[in-house]
Amino acid sequence: KEQGLKKVVLVGAQGDQNVTKELVAMKMPVVAGRVHDLPARDDADYDMPYKFPKLLSDAGVLVALENSGDMERHQARNFPFYAGHTVGFGMDPEKALQLVTLNAATVLGIDKDYGSLEQGKSATLFISKGDALDMRGNQLTRAFIDGRDISLNTRQKDLNDRYMQKYSKQ
C-alpha cells in the first residue's frame, strides 16, 4: 500500500493460512509453493504443502500453483499432477484443475485469452484418455496450441512402437 502498487501477488507461499483474512481483504492472489515439498516450518502439519492450496481457496483467496526450486524444468511435466495431489487432500477436482488453468491465467493477467474453454479464447488444450490430474491414468491423445494440432510423436515413441511390434510377434 505504501508503495502504491496496483497488483501484488504472493509467490511461493507455503503453509501460513493464518493470514488468509488479510489476503482476502487485500484481494491478493497467491501462487502457492511446491505441493511436493516438506512443510515450511518444523511445527507445521506434515501434509501442509498438500492441503495449503485448499485452505487458501476455501477462505476465498485466488490460488494458483508454481514449481520453482530444484529441478523445476525436469518436473514441469508433472505440473498437472501437483494439482491432482491436492484432490487427495480434499480439494474439489474442478477447483484443482483451475489451480493450473484459469486461476494461473488470472494471476498472470492473461485470462481474457487463456485459462478456460470459451468462445474467443485461445484453443490451447490437450485431450487425455484418463484423468488429466492423475499420473496413473493420464494418457495424452492430442494437443493443441492456439488451435494448431501438435504432433505428440517422438523418437522414443516411434522406437517403442517399432520394437513392441517386433517382439510381440515372437
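The values are calculated or read from the model by the stated rules, or taken from the named source; none is laboratory data. What you are looking at is a predicted structure, and each value in this text was computed from that prediction instead of being measured. Ideal geometry is used to build each Cβ from the backbone, glycine not excepted, and the neighbour counts take in all protein chains shown. Areas reflect the complete protein model, heavy atoms only, side chains present, ligands, DNA and RNA absent. Shrake-Rupley method; radii C 1.70, N 1.55, O 1.52, S 1.80 Å.
Miscellaneous remarks
- You will find that of P80, P53, the residue that is open to solvent by less than 70 Å² (accessible area, probe 1.4 Å) and modelled with pLDDT under 90 is P80 and no other.
- Of all residues in region 95-113, those satisfying the criterion of being open to solvent by less than 90 Å² (accessible area, probe 1.4 Å) and more than 14 Å from the chain's Cα centre (by Cα) are G109, I110, D111, D113.
- Scanning region 150-163 for residues that are surrounded by fewer than 10 Cβ atoms within 10 Å (Cβ to Cβ) and not in a loop (DSSP other than H, G, I, E, B) yields a count of 2.
- Verdict on A64 being more than 25 Å from V19 (Cβ to Cβ) and of a type in the set (A, V, I, L, M): no
- Subset tally (residues that are over 25 Å from L140 (Cα atoms) and of a type outside the set (S, T, N, Q)) for region 51-88: 14
- When the criteria are applied in full, K129 fails the requirement of being farther than 18 Å from Y50 by Cβ, at pLDDT below 90 and exposed (fewer than 13 other Cβ atoms within 10 Å of the Cβ).
- Selection from region 6-27 of residues that are among the aliphatic types (A, V, I, L, M) and either over 25 Å from N67 (Cα atoms) or open to solvent by less than 70 Å² (accessible area, probe 1.4 Å) (or both): V8, V9, L10, A13, V19, L23, V24, A25
- Among the candidates D146, D111, the residue that is in contact with a helix residue (DSSP H, G or I) (Cβ under 7 Å, 6 or more places away or on another chain) and not aliphatic (A, V, I, L, M) is uniquely D111.
- Among the helices (runs of 4 or more DSSP H) confined to region 27-139, the ones with at least 2 residues that are closer than 30 Å to K1 by Cβ and touching a residue at least 60 places away in the same chain (Cβ under 8 Å) are located at 102-108.
- Residues of region 1-58 satisfying the condition of being within 20 Å of Q75 (Cα to Cα) and of a type in the set (S, T, Y): Y50
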